[in-house]
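Scroll down for the structure; my scribbles are underneath it.
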Amino acid sequence: MQEESKAQAEEAAGVRALVLVSSGKLSERPDLSLALEVFEAAGWDVDLRASRDLGKVMDEIAERGEVFDLLIAAGGDGTVRQVAGLAAKLEVPLGVIPLGTANDFARTLGLGFDVAAAARTILPRRTAAVDLSTINGNCFLNVASIGLSEAVAENLTKERKRRWGGLSYALALFDVLKARRQFSVEIDCDGTANSLRSIQVGVANGRYHGGGVEVSPSARIDDGALRVYAIEPQPLGKLLVMALSTKLGAHDLWEGVRWFEGKRIEIKTKRAKRVSVDGDLIATTPLVVEVQHGALTVIVGEEFRSAARL
């Protein structure tokens, strides 16, 4: 036992981890210190870099050819999405410390939202290969959506998130449901075109979006498939029932929803519409969405539900 413990300690001492956090000042993220303490107690060599311009920092890391055993994204889904691209490029595992409002990717990986507990989950470096999708060339992990989600993203101010936390998504959704603006859209799924009118179109790489809402019971992040849903115009009362049903996992109540599945999705709208990608408005239609099966290695918790285990 002593020899085994010694071997584990020597292995831990050789782990070099890069922690990336989207923040100008570390004092803005005091909770991160709990995770750093866990890594340091394990003997890890931790390199912490914080910046409001993570893109620039990551470009410099790639250009210099810096070597790490794993990358750790400390933040919300937007931060994780950015760091995932670098992890895939460097071919190293990605760990997640959930510091955001929704934390949908952390939820998909079976991680808890307690910072120290998430850090302890990373220590064994239990990994799985998951899908990484691109939307007009930019990677994303959870869901890219048009319509209601675009309006929700606009309504989710930092002040609202800070005041209401996860409830801010529900409040913003209720505001935009009342308007429920519809639009014409063409969805091409693996070469088959479908034209319809919709108030919301979502393309899912992962399992959750909107702060824990399950895309569908069959959604997986490691099966090489994209799930697409398009909600047709509905009365407000029916939309509220549908929104509640998703929280309860009762997706069979979703009447007036078109479902598609494929590996390459093209979406066109008559007028350019902004697209919410993992909660950030970073794209506009027309869209080309493609899945890269197993392109990202991630550190997962014991509760991770893979397609292979179903």
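Full extension of the chain between ARG305 and ALA272 gives 8.2 nm of extra length, using 0.36 nm per residue less the Cα-Cα distance. For ASN194, nonlocal amide neighbours, meaning residues 5 or more places apart or on other chains whose placed amide H falls under 5 Å from its own, are ILE187, ASP188, CYS189.
Backbone phi angles across segment 278-286, fed through the Karplus curve with coefficients 6.51, -1.76 and 1.60 (θ = phi - 60°), yield HN-Hα couplings of 6, x, 10, 7, 10, 8, 9, 6, x Hz in residue order; Gly and Pro are listed as x. In the context of the full protein assembly, THR121 retains an accessible surface of approximately 40 Å², using a probe radius of 1.4 Å and ignoring ligands and nucleic acids. In this structure, ALA41 and LEU196 have a Cβ-Cβ separation that, at R0 = 45 Å, corresponds to a calculated FRET efficiency of about 0.25. Couplings 3J(HN,Hα) for segment 33-44, derived from phi with the Karplus relation 6.51 cos²θ - 1.76 cosθ + 1.60 (θ = phi - 60°), are 4, 5, 6, 4, 4, 5, 5, 5, 5, 7, x, 6 Hz, where x marks Gly and Pro.
Note on SER218 and SER51: the extension gain reaches 56.4 nm, defined as 0.36 nm multiplied by sequence separation minus the Cα-Cα distance.
Figure note: GLU63, GLU186, GLU261 ranked by solvent-accessible area, largest first, 1.4 Å probe, ligands and nucleic acids not counted: GLU63, GLU261, GLU186.
Between the beta carbons of GLU290 and VAL241, assuming R0 = 22 Å, the FRET efficiency works out to 0.05 to the nearest 0.05.
Charge tally around TYR229: other residues with Cβ under 13 Å, Lys/Arg +1 each, Asp/Glu -1 each, net -2. Expressed as a whole percent, the accessible area of segment 35-120 that falls on carbon and sulfur atoms is 43 (1.4 Å probe). Note on exposure: ARG305, ARG227, ARG125, ARG52 ranked by accessible area (1.4 Å probe, complete protein assembly) read ARG52, ARG305, ARG125, ARG227, with the most exposed listed first.
At a probe radius of 1.4 angstrom, the accessible area of segment 68-117 per residue rounds to 25 square angstrom.
The values are calculated or read from the model by the stated rules, or taken from the named source; none is laboratory data. Keep in mind that what you see is a predicted model, and the values were worked out from it rather than measured. Cβ coordinates were reconstructed from backbone atoms using ideal geometry, including for glycine residues, and neighbour counts include every protein chain displayed. To get the accessible areas, we keep the full protein, side chains included, count just its heavy atoms, and leave off ligands, DNA and RNA. Shrake-Rupley method; radii C 1.70, N 1.55, O 1.52, S 1.80 Å.
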